[in-house]
Amino acid sequence: MKTTLTRGLMNVLPMALSLWLFWSLFVSLDELGRLLLELVGVPQLFIGEGFVLVIALVFAAGLLFSVSPIVWLWGKVERALMRFPLFKSVYGSIRDIASLMNRDGKPKNQQVVLVRQANGGFVVGFIMTDKAPEPLKNALGDGDWVPVLFQLSYQMAGVTTLVRREELIPVDWSFEEAMRFNLTAGISKS
């Protein structure tokens, strides 16, 4: 009975949590949209209209950001706000994560690599960009140093280490599959 219960739980729980997460997101966006509609005095016509409004607004923003004057104005506002240290840290981090997700199905500079450990084992890492920042390159001296992210299992945290490129072993593996492997401590199935 314990095995059957565990098997049922292991199959139903991921689906239930995923559905709950997406339903919660839908409800939250719908409430936000309904609030916007109520502010302008529009009565509720159907369930989900707030969600449709939010999606339409995001789509319209995407269209606006394809127009040069809007991009220029947004850049000016962004540069002004980036003068505030706390805002710069929070907004910069969120923007960088969003840009990582906006890959359009094409790999950018992220390359899956293996790095040999002192005990002879290997760690799966990701080259996130081709070059280390200038201050770090100057401090390290000779060598082609690249930042390598080592993702920690079961969390969105990781450790970025500078490694010489010649010490890396490139792996022909998709970024998404390798990231799933690292995030699940190697138990995910591709």
Tally the residues that are open to solvent by less than 70 Å² (accessible area, probe 1.4 Å) and within 16 Å of PHE22 (Cα to Cα), restricting the search to region 33-53. 3
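I need a count of the residues in region 54-69 that are open to solvent by 60 Å² or more (accessible area, probe 1.4 Å), in a helix (DSSP H, G or I) and under 25 Å from GLY33 (Cβ atoms).
Count: 6.
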Can you list the strands (runs of 3 or more DSSP E) found entirely within region 140-186 that contain at least 2 residues being closer than 18 Å to ARG116 by Cβ, open to solvent by 30 Å² or more (accessible area, probe 1.4 Å) and among the β-branched types (Val, Ile, Thr)? 158-164
Given the condition touching an Asp or Glu at 6+ places or on another chain (Cβ under 8 Å), at pLDDT 80 or above and open to solvent by 70 Å² or more (accessible area, probe 1.4 Å), answer yes or no: does some residue in region 109-119 qualify? yes
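Residue-by-condition table, conditions (1) closer than 30 Å to MET156 by Cβ; (2) under 23 Å from the mean Cα position of the chain (by Cα); (3) of a type in the set (D, E, K, R):
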{"site": "LYS2", "(1), (2), (3)": "no, no, yes"}
{"site": "MET15", "(1), (2), (3)": "yes, yes, no"}
{"site": "LEU57", "(1), (2), (3)": "yes, yes, no"}
{"site": "VAL77", "(1), (2), (3)": "yes, no, no"}
Among residues belonging to region 160-190 that are basic (Lys, Arg) and within 21 Å of the chain's Cα centre (by Cα), point out the one that is nearest to VAL148 (Cα to Cα). ARG180
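The values are calculated or read from the model by the stated rules, or taken from the named source; none is laboratory data. Predicted model only: the values in this text are computed from it and were never measured. Ideal geometry is used to build each Cβ from the backbone, glycine not excepted, and the neighbour counts take in all protein chains shown. We work out accessible area using only protein heavy atoms, side chains counted, and drop any ligands, DNA or RNA first. Shrake-Rupley method; radii C 1.70, N 1.55, O 1.52, S 1.80 Å.
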